Amino acid sequence: MNYYIDVEPGVSLYVEDTGVGKPILFVHGYPLDHRMYEYQINELPKYGYRCIRMDLRGFGKSDSPWESYSLDRMADDVRCIIDTLGFKELTLAAFSMGGAVAVRYMGRHAGHGVSKLLLFAAAAPYITKQPGFPQGMPPEGLDALIGLAYRDRPLMLQEFGKLFFHNEPTPAFRQWFDSVQLDQSPRAIIACGYTLRDENVKADLARIKVPTYIFHGVYDRICPFELAIIMKETIPNSILLRFDNSGHAIFYEELDLFNACLLEALRY
């Protein structure tokens, strides 16, 4: 079942709702959309899970306003989805920038309606270099990507996409992956680039009060594995699952292991 949910006047978000059972809300990363979870949605409904995939504003089939791409606004969008669908005991699962949105949601909305949190290669607490944290992306590196998006967005996405994989996928998958990136709103690509550069969710991590599973690739070049260690140390009672042969794209690079760990985390 597919539908749209109004999150503010003039802005509706696209939602795909698959399966029957315990609900999971999936939030995609940058610069992708709900389609990134194809190989999870093929499996989870078989085990009694209802999979809800949303497109963040500016991505996929959702509306693309000119303004309002902050983490606060996108976390509020998640709240609108949860309230509209009436969820009380939801698993919130989120990748990369979506992970930052989910963490902000847990802090800003006190985890309303969420009973479990799954973070996949999350951009948390930040992805740029910080005092005492030299492993992140340099802010000027993001500036260069944003600048390139103004002049040659396909090249910018191609260069950013190269950072996703530790193991090069098949040419067919790479072609599909690049096509998904190109489908996104040019405005959202630029605006969310600034959001990733300038915002962080460090203060939100300690406010998470639900069981949390942190999935992270050891060879991640976008959100370094050190971020997973920080999340594990900061989020109370969290569990870190390391993927020793993955970069950022853990949802595909170690697909069988990822799906097995996902099912295990959902069951407990």
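Scan the stretch 79-89 and tell me whether some residue there is in a strand (DSSP E or B), surrounded by 18 or more Cβ atoms within 10 Å (Cβ to Cβ) and not small (G, A, S). No, because not a single residue in the stretch 79-89 is in a strand (DSSP E or B), surrounded by 18 or more Cβ atoms within 10 Å (Cβ to Cβ) and not small (G, A, S).
To keep it simple, each residue is scored yes or no on (1) in contact (Cβ under 8 Å) with a residue 24 or more places away in the chain; (2) within 19 Å of R53 (Cβ to Cβ); (3) in contact with a helix residue (DSSP H, G or I) (Cβ under 8 Å, 6 or more places away or on another chain).
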{"site": "K88", "(1), (2), (3)": "yes, no, no"}
{"site": "G99", "(1), (2), (3)": "yes, yes, no"}
{"site": "R108", "(1), (2), (3)": "yes, no, yes"}
{"site": "V114", "(1), (2), (3)": "yes, yes, yes"}
{"site": "L117", "(1), (2), (3)": "yes, yes, yes"}
{"site": "A121", "(1), (2), (3)": "yes, yes, yes"}
{"site": "P125", "(1), (2), (3)": "yes, no, yes"}
{"site": "T128", "(1), (2), (3)": "yes, no, yes"}
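At least 2 residues being farther than 18 Å from Y49 by Cβ, hydrophobic (A, V, I, L, M, F, W, C) and open to solvent by less than 30 Å² (accessible area, probe 1.4 Å) is the threshold, and among the helices (runs of 4 or more DSSP H) wholly inside the stretch 221-268 those reaching it are 225-234.
Out of V27, V15, V103, V114, report the one residue that is more than 22 Å from L182 (Cα to Cα) and open to solvent by less than 10 Å² (accessible area, probe 1.4 Å).
Working: V27 fails: more than 22 Å from L182 (Cα to Cα); V15 fails: more than 22 Å from L182 (Cα to Cα); V114 fails: open to solvent by less than 10 Å² (accessible area, probe 1.4 Å).
Being more than 22 Å from L182 (Cα to Cα) and open to solvent by less than 10 Å² (accessible area, probe 1.4 Å) holds for just one of V27, V15, V103, V114, which is V103.
Just give me the residues in the stretch 145-155 being over 22 Å from Y219 (Cβ atoms) and surrounded by 13 or more Cβ atoms within 10 Å (Cβ to Cβ), in sequence order. Listed by number, the residues that qualify are I146, G147, L148, A149, R153.
Yes or no, residue by residue, for (1) of a type outside the set (G, A, S); (2) part of a helix (DSSP H, G or I); (3) open to solvent by 10 Å² or more (accessible area, probe 1.4 Å):
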| residue | (1), (2), (3) |
| --- | --- |
| A110 | no, no, yes |
| L119 | yes, no, no |
| L157 | yes, yes, no |
| S179 | no, yes, yes |
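Name every residue in the stretch 18-36 that is out of contact with any Pro (no Cβ under 9 Å at 6 or more places or on another chain) and not hydrophobic (A, V, I, L, M, F, W, C), in order of residue number.
Step one: list which residues in the stretch 18-36 are out of contact with any Pro (no Cβ under 9 Å at 6 or more places or on another chain), which gives 22-36.
The answer is K22, P23, H28, G29, Y30, P31, D33, H34, R35.
Annotation note: Cβ proximity below 6 Å between a residue of the stretch 35-60 that is touching a residue at least 12 places away in the same chain (Cβ under 8 Å) and a residue that is part of a strand (DSSP E or B) and among the β-branched types (V, I, T) (sequence gap 6+ or interchain) occurs for I41/T18; P45/T18; Y49/I24; C51/T18; C51/I24; M54/V15.
Which one is surrounded by the fewest Cβ atoms within 10 Å (Cβ to Cβ), of the residues in the stretch 159-174 that are touching a residue at least 60 places away in the same chain (Cβ under 8 Å) and not in a helix (DSSP H, G or I)? Walk me through how you get there before you give the answer.
Pass one, the stretch 159-174, residues touching a residue at least 60 places away in the same chain (Cβ under 8 Å): 160, 163-167, 169, 173.
Going one step further and asking which of them are not in a helix (DSSP H, G or I), we end up with 163-167, 169.
Details: L163: 16, F164: 24, F165: 20, H166: 20, N167: 12, P169: 15.
Step by step, filter the stretch 159-174, then rank; the result is N167.
Among residues of the stretch 224-253 that are in contact (Cβ under 8 Å) with a residue 60 or more places away in the chain, those with a beta-carbon under 7 Å from a residue that is of a type in the set (K, R) and part of a loop (DSSP other than H, G, I, E, B) at least six positions away or on a different chain give the pairs G247/R221; H248/R221.
The values are calculated or read from the model by the stated rules, or taken from the named source; none is laboratory data. Quick caveat, the model's predicted, so the values are computed rather than measured. Cβ sites come from the backbone with ideal geometry, for glycine too, and all protein chains shown count toward neighbours. These accessible areas exclude ligands, DNA and RNA; they are computed on the full protein's heavy atoms, side chains included. Shrake-Rupley method; radii C 1.70, N 1.55, O 1.52, S 1.80 Å.
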